[in-house]
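See structure below.
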Amino acid sequence: MPVDPDVEFDSLAQRAYMVYTILPDKIDSMAGVWLGKDFSGIGDILDIYCSKEDKKDVLEYLIFMIQIARQTYAEERERQSKLK
């Protein structure tokens with residue numbers, strides 16, 4: 001069952017999810033492989049959405065979300081390669 005960030009995340013995780021959705025994806029143009037998020041501009045984004053005290057916690061949530069996404073994309077690539 002998909003997670004609803006607006007209901008199931010605390011306020012810091014909600015802000016991290018918002019930052020996650022704002023940051024553009026980095027994709028290998030030749031292979032179409034997801035490489036992660038482009039962190040250029042992260043400082044400005046955190047300045048807009050987070051207080052100075054919350055930035056570290058939001059960044060930690062963000063990194064955790066990226067790790068989950070990286071694992072999910074890797075599992076999907078592996079599953080797709082087995083189908084070929």
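The values are calculated or read from the model by the stated rules, or taken from the named source; none is laboratory data. Nothing here was measured: the structure is a model prediction, and the numbers come from that model. Please note: Cβ atoms are built from the backbone with ideal geometry, for glycine as well, and neighbour counts cover all protein chains shown. Heavy atoms of the whole protein, side chains included, go into the accessibility calculation; ligands, DNA and RNA do not. Shrake-Rupley method; radii C 1.70, N 1.55, O 1.52, S 1.80 Å.
Mind checking the range 1-71 for trypsin sites (Lys or Arg not before Pro) that DSSP puts in a loop (not H, G, I, E or B) and that have at most 15 other Cβ atoms within 10 Å?
Lys52
Restricting the calculation to Cα positions, tell me the Rg (one decimal) and the Dmax (whole number) of the range 22-84 in Å.
My reading of the Cα-based Rg and Dmax gives 14.8, 49 Å.
Among Met30, Thr72, Leu59, whose Cα lies farthest out toward the positive end of the dipole of the chain, if unit charges sit on the beta carbon of Lys, Arg (+1) and Asp, Glu (-1)?
So the residue we want is Met30.
So what is the relative contact order for the chain, in percent, with contacts set as C-alpha pairs under 8 Å and at least six apart?
30
Can you tell me the accessible area per residue over the chain, all protein chains present, probe 1.4 angstrom, in square angstrom?
Per-residue accessible area for the chain comes out at 74 Å².
So how much slack lies between Glu78 and Lys56, counting 0.36 nm per residue of separation and subtracting their Cα-Cα distance, in nm?
4.6 nm
Tell me the carbon and sulfur percent of the accessible area for the chain, rounded to whole percent, probe radius 1.4 Å.
The C+S portion of the solvent-accessible surface of the chain is 56 percent.
In the chain, what is the count of Lys pairs whose alpha carbons are under 28 Å apart, counting only pairs at least 8 residues apart or on separate chains?
11
Can you give the FRET efficiency for Gln71 and Ala31, using 1/(1 + (r/R0)^6), R0 = 25 Å, r = Cβ-Cβ distance, to the nearest 0.05?
Efficiency computed from Cβ-Cβ geometry: 0.90.
Could you give the size of the charge dipole of the chain about its Cα centre, using +1 on the Cβ of each K and R and -1 on the Cβ of each D and E, expressed in debye and rounded to the nearest 20?
Value, rounded to 20: 460 debye.
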